[in-house]
Amino acid sequence: MTPGFSPADLENVLNEAALLTARRDGKTIMMEELEEAVTKVMAGPAKKSRVVTEKERKLTAYHEAGHAVLIRNLPNSDPVHQVTIIPRGMAGGMTMFLPQEDRSYESQNHMMESLVHLLGGRAAEYVVFGTKTTGAANDIERATDLARKMVMQYGMSDRFGLMALSNASSQYLDGSAMVNCADSSAAAADEEVQKLLSTCYADAIRILQDNRTLLDDIALYLLQKETITGDELMAYINADNKT
């Protein structure tokens, strides 16, 4: 469950799990506490006391269902670990997927699919409600950052080929990448990033439209249960397909 976690992250997980165990007067940390602790370290504490309108719950359910449907339909995606519409941190809901292994390298295909499922929440909002909300802000930020790195650092743009347009971020500055090209090239790179994001967004919309029944079913399931594990999600999808 914790590829990429540092020793400090793992320490935080076990501390949180111990606290959760103590709250139920337990003597042994169970898997249930460990899973909640991992989620808390990654996304913040659950805000179950936050008042959410039924309209917002429905929108969140479709937003997260959009992510889940896309991850299921993209062959190189990591499996879903948990989907929830309970607010955590600044997020109204969350779809967690966990890598099955630590990776030193990322393929272009995997990153393209990451862009598609990052934009899945916004795509679901469009497909179902014909609108846009602020709920996709973090998804869009992460997708834009990944697309920019693909174009400017990783040599994955047909327009620029193997030319590096920026250097990796520096720990001695503000953490942002250093642009290493002419202003005209930087402007052209912005166009490439926009093109990449638009293509992946269109793919997300197409997949969700092709799987609209599944999107509706998962959203309804989330509204009933609020939090479902990846195994529960796949069991529900498989059972639904059989009927």
Worksheet item: If you check every pair at least six apart or on different chains, which have Cβ atoms under 7 Å apart with a residue in the stretch 13-27 that is open to solvent by less than 50 Å² (accessible area, probe 1.4 Å) first and a residue that is among the acidic types (D, E) second?
Response: A17/E33; L20/E33; L20/E36; T21/E33
Fill in: Counted residues, the stretch 28-44 - those being surrounded by 13 or more Cβ atoms within 10 Å (Cβ to Cβ) and hydroxyl-bearing (S, T, Y)
1
Practice prompt. Filter the stretch 35-69 down to the residues that are aliphatic (A, V, I, L, M) and modelled with pLDDT of 90 or more, then identify the one that is farthest from R88 (Cα to Cα).
Written response: V69
Worksheet item: Which of the residues that make up the stretch 142-153 are surrounded by fewer than 18 Cβ atoms within 10 Å (Cβ to Cβ) and within 21 Å of the chain's Cα centre (by Cα)?
Response: R142, T144, D145
Response to the item:
Checked against (1) of a type outside the set (S, T, Y); (2) in contact (Cβ under 8 Å) with a residue 24 or more places away in the chain; (3) open to solvent by less than 30 Å² (accessible area, probe 1.4 Å); (4) not in a helix (DSSP H, G or I), V116 satisfies every condition except (4)
Fill in: Search result, residues across the stretch 73-99 that are over 17 Å from D139 (Cβ atoms) and either open to solvent by less than 20 Å² (accessible area, probe 1.4 Å) or out of contact with any helix residue (DSSP H, G or I) (no Cβ under 7 Å at 6 or more places or on another chain) (or both)
P75, I86, L98, P99
Practice prompt. Among the numbered conditions (1) in a helix (DSSP H, G or I); (2) under 30 Å from L165 (Cβ atoms); (3) at pLDDT below 95; (4) open to solvent by less than 50 Å² (accessible area, probe 1.4 Å), tell me where C181 comes up short.
Written response: (1)
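The values are calculated or read from the model by the stated rules, or taken from the named source; none is laboratory data. Just so it is clear, the structure is predicted and the values come from calculations on it, not from any experiment. Here the Cβ is made from the backbone with ideal geometry for all residues, glycine too, and neighbour counts use every protein chain on show. These accessible areas exclude ligands, DNA and RNA; they are computed on the full protein's heavy atoms, side chains included. Shrake-Rupley method; radii C 1.70, N 1.55, O 1.52, S 1.80 Å.
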